[in-house]
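Participant: Below you'll find the structure I mean.
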Amino acid sequence: MVWTWKEHLDTVLVPSGLLIMFGYHLFLLHRHLKLPHTTTMGHDNHYMGAWVEKMMQVESKDRSQALTVINSNISAAFNLSSISLVLSSLIGTWIRTTSNATFTIGRLIYGNTSQSVLAIKHISLLICFLVAFASFVQSARCYVHSNFLITMPNADIPMPLVQKAVVAGSNFWTVGMRALYFATPLLLWVFGPIPMFVASVVTVVVLYNLDSNSTPLLPFQLAEQAEGRGREILKKIGQEMSAVIEQHGRP
């Protein structure tokens, strides 16, 4: 009876943990689409769009600072993609070696230790790392594309096109990080369904605090808009001063 209960822990706790993770990310996606200013992703995308807007006002030969920022993001994306690929290779090696250690692992894990469950654990981890690898590569691709657009001389590049490339790179980066977050509970599943379920709950609580944004978005204006508003303010001040002078100049 004890062995049967241990075997069924995986069928209860693991789907519950995955349901919590998927449910939270569906809630986050809905919140990001409907109320983007309340999420960290919407907050970051807003400032990235404003950053591109300001950088596109500078001459193409003076955009070295923008290239430095984008190149740092490209380097970070390539580093994380390399790490994800190495972890995928380690999982493949692990799959080949765990078949010889099933008896030892069965003594340490409180749960189902059959060969089929072990294979599912390894394949789930492998999928997460491969998704992370693909997402970081796509993120680097989008940043490289935005790099070409920003540095194109003597060309009227539409600003929304550059914003779309930069924001797409940021979104792919987020997907890659989420895949690594999913891999954490699945990695603990190797040690049993109880650590996996606890890790899923803790991960959702931590991510909820990190993904929530209560800071209001700062409005960024174009230079022409700011200049025009400044002229309107000066004009209004001049009219008020003229009215005061006329009023005091009358007998």
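Participant: Among the residues of the range 138-156, what is the count of those that are in contact with a Ser or Thr (Cβ under 9 Å, 6 or more places away or on another chain) and surrounded by fewer than 18 Cβ atoms within 10 Å (Cβ to Cβ)?
Facilitator: 5
Participant: Show the residue pairs meeting these rules: Cβ distance below 9 Å; 6+ apart or different chains; first residue within the range 37-55 and over 13 Å from Ser146 (Cα atoms); second residue among the hydroxyl-bearing types (Ser, Thr, Tyr) and in a helix (DSSP H, G or I).
Facilitator: Qualifying pairs under 9 Å: Met41/Ser170; Met41/Thr174; Asp44/Ser170; Asp44/Thr174; Asn45/Ser170.
Participant: Here's something else I'd like to know. For the range 182-196, which positions are out of contact with any Ser or Thr (no Cβ under 6 Å at 6 or more places or on another chain) and touching a residue at least 24 places away in the same chain (Cβ under 8 Å)?
Facilitator: Phe182, Ala183, Leu187, Trp189, Val190, Phe191, Gly192, Pro193, Ile194, Met196
Participant: When you scan the range 72-115, how many residues do you find that are assigned to a helix (DSSP H, G or I) and at pLDDT below 80?
Facilitator: Adding up the residues that qualify gives 16.
Participant: Next question, about the same structure. How many of the residues in the range 145-178 are small (Gly, Ala, Ser), closer than 24 Å to Ser81 by Cα and out of contact with any Cys (no Cβ under 9 Å at 6 or more places or on another chain)?
Facilitator: 2
Yes/no per residue for (1) among the small types (Gly, Ala, Ser); (2) out of contact with any helix residue (DSSP H, G or I) (no Cβ under 6 Å at 6 or more places or on another chain); (3) crowded, with 20+ Cβ neighbours inside 10 Å:
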| site | (1), (2), (3) |
| --- | --- |
| Leu161 | no, yes, no |
| Trp173 | no, no, yes |
| Gly176 | yes, no, yes |
| Pro185 | no, no, yes |
| Val190 | no, no, no |
| Pro195 | no, no, no |
| Ser200 | yes, no, yes |
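Participant: Inspect the range 148-159 for any residue being aromatic (Phe, Trp, Tyr) and at pLDDT 90 or above and give the result as yes or no.
Facilitator: No, every residue in the range 148-159 fails to be aromatic (Phe, Trp, Tyr) and at pLDDT 90 or above.
The values are calculated or read from the model by the stated rules, or taken from the named source; none is laboratory data. From a predicted model like this one, the values you see are computed outputs, not experimental measurements. Methodologically, a virtual Cβ is constructed for each residue, glycine included, from the backbone with ideal geometry; neighbour enumeration extends over all protein chains shown.
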